[in-house]
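In what follows, a single structure is set out as structure tokens and then discussed.
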Amino acid sequence: MPLTAWIDDEKVLAPLVSDEDWEAWKNQRDIKISLACCKSSGFLRNSKLGTKHFVHKCKTGCNWKPETQEHLLAKSEIVKACLEAGYEADTEVSGLDWRADVLASKGKVKIAFEIQWSPQTLQLTQERQTKYKRDEIRGCWLFRKLPSSKASKELPMFELALNSNNKFVVHIPTQDINNKRSLSLENISLSEFIKSLLSKKIKFCESYVSIKEQITYLSFFSVKCSQCNKPYHVYMVQETFIVSKSLCGIDVNIPHYSNYGKKLCLDKPFVFASEIVNFARFISKENKNINMGEIKSRYKHNKWNNWLSFGCHWCDAILPYHPDYYNKCKTKHYSYLCTSMAYCIKGLKPSEQIFNKDLGGHWCYPKDENFCT
């Protein structure tokens with residue numbers, strides 16, 4: 001059902017008509033309505049969701065496909081948001097082999113907004129996007145169900161939902177760098193999303209950048225030296241992940257597994273980051289019950305070159321770099337050792353090495369317009 005028609009030779013966009021004028025037109029018997037899609041006669045109607053629109057008076061050869069009431073409402077909200085953002089906007093705009101739900105334009109910039117309340121494959125979406133690109137039009141897709149969770153600059157896709165108050169909200173998709181599942185930054189109204197996108201408050205960034213300061217937690221526990229048999233303390237960063245926030249408010253989970261697991265070698269610079277090490281040394285000096293040895297480069301005969309490691313507080317022997325040994329210590333730590341103590345580090349500045357990695361592109365929507373890169 002189209003939103004655009006000609007009434008008494010004047011082009012009318014239904015969402016922009018006042019309730020009073022709309023009701024007056026509905027009660028006017030001699031009104032002449034010509035639908036913009038096919039020039040055939042039509043009449044005015046309100047959907048169950050209250051969206052003003054036009055309907056064909058009788059069957060014609062028009063190739064217009066039926067639309068859901070949700071689709072109509074979304075088109076109505078988008079066109080109004082485009083106008084509020086300072087763009088010219090029209091609905092059901094046709095090209096050579098495409099028809100956009102809403103086409104916004106300002107100068108040479110043209111953006112087509114497409115609502116997909118019914119399922120559409122990723123391949124078909126890409127094919128339709130190619131047609132817009134050919135005609136120098138940017139395409140933005142709003143899906144009830146995304147065909148892919150991967151964020152793409154060339155194919156902007158966002159999840160659209162209708163809440164219990166019959167208001168549309170948009171989920172800006174992000175990607176969990178550990179298990180590749182889709183996450184959501186927050187729910188924002190469809191109108192706010194459109195205006196933010198058109199005013200360049202939302203943009204695609206190739207990677208995540210952390211905020212300058214983080215909060216993390218250290219837990220000290222006791223292990224027994226393999227050389228002198230005396231107990232001493234080491235620390236680990238609590239939880240399975242170090243959770244860091246990006247500039248746009250996303251929780252970026254940096255896996256560290258354990259301080260001794262084989263996979264740690266990828267993340268060792270963060271576990272032994274100078275801020276963490278210095279804080280651990282400070283705690284060790286302040287708390288007489290913690291006997292932490294030196295953290296420094298050590299050489300393991302025939303197996304490792306110099307590598308940063310924990311050492312015994314008493315004899316400086318290297319802590320065995322073996323997952324089984326670590327798991328044994330960890331089990332003891334959680335079962336009966338009472339020397340475990342946790343501390344919070346505020347204002348931790350994370351290592352640049354972690355956050356300059358390519359953690360995946362995402363649509364960035366920071367509150368202060370300080371974008372990731």
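The values are calculated or read from the model by the stated rules, or taken from the named source; none is laboratory data. Everything quoted here is computed from the prediction, not taken from an experiment. Note that each Cβ is placed from the backbone with ideal geometry, even for glycine, and that neighbours are counted across all protein chains shown.
Structure summary
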quantity: Exclusive hit being over 21 Å from L146 (Cβ atoms), surrounded by fewer than 19 Cβ atoms within 10 Å (Cβ to Cβ), out of contact with any Leu (no Cβ under 7 Å at 6 or more places or on another chain) and at pLDDT 95 or above, set G86, G95, G50; calculated: G86
quantity: L44 of a type outside the set (G, A, S), at negative phi and not assigned by TED's automatic domain parsing to the domain that holds W141; calculated: yes
quantity: Identity of the residue in the stretch 75-84, more than 24 Å from the chain's Cα centre (by Cα) and charged (D, E, K, R), that ends up nearest to K108 (Cα to Cα); calculated: E84
quantity: Options K153, K167: the member that is at pLDDT below 95, under 20 Å from the mean Cα position of the chain (by Cα) and on the phi < 0 side of the Ramachandran plot; calculated: K153
quantity: Looking only at the stretch 94-144, and only at residues there that are assigned to a strand (DSSP E or B) and among the basic types (K, R), the one that is farthest from L162 (Cα to Cα); calculated: K106
quantity: The stretch 6-29 - residue that is of a type in the set (G, A, S) and part of a helix (DSSP H, G or I) and, of those, farthest from H71 (Cα to Cα); calculated: A24
quantity: Of residues in the stretch 282-301 being charged (D, E, K, R) and either more than 15 Å from S222 (Cα to Cα) or buried (at least 18 other Cβ atoms within 10 Å of the Cβ) (or both), the one modelled with the lowest pLDDT; calculated: K300
quantity: Total residues in the stretch 23-45, condition in contact with a helix residue (DSSP H, G or I) (Cβ under 9 Å, 6 or more places away or on another chain) and either surrounded by fewer than 16 Cβ atoms within 10 Å (Cβ to Cβ) or hydroxyl-bearing (S, T, Y) (or both); calculated: 3
quantity: Single residue of the stretch 98-112 satisfying the filter (touching an Asp or Glu at 6+ places or on another chain (Cβ under 6 Å) and not charged (D, E, K, R)) that is surrounded by the most Cβ atoms within 10 Å (Cβ to Cβ); calculated: L103
quantity: Every residue from the stretch 1-60 that is touching a Cys at 6+ places or on another chain (Cβ under 7 Å) and over 20 Å from D90 (Cα atoms); calculated: T60
quantity: Residue that is nearest to N63 (Cα to Cα) [pool: residues in the stretch 85-114 that are hydroxyl-bearing (S, T, Y) and under 29 Å from the mean Cα position of the chain (by Cα)]; calculated: T91
quantity: Odd one out for Q129, checked against (1) over 14 Å from S152 (Cβ atoms); (2) crowded, with 22+ Cβ neighbours inside 10 Å; calculated: (1)
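Yes or no, residue by residue, for (1) surrounded by fewer than 14 Cβ atoms within 10 Å (Cβ to Cβ); (2) within 30 Å of D316 (Cα to Cα); (3) at pLDDT 90 or above:
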position: K180; (1), (2), (3): yes, no, no
position: F204; (1), (2), (3): no, no, yes
position: G249; (1), (2), (3): no, no, no
position: V252; (1), (2), (3): no, no, no
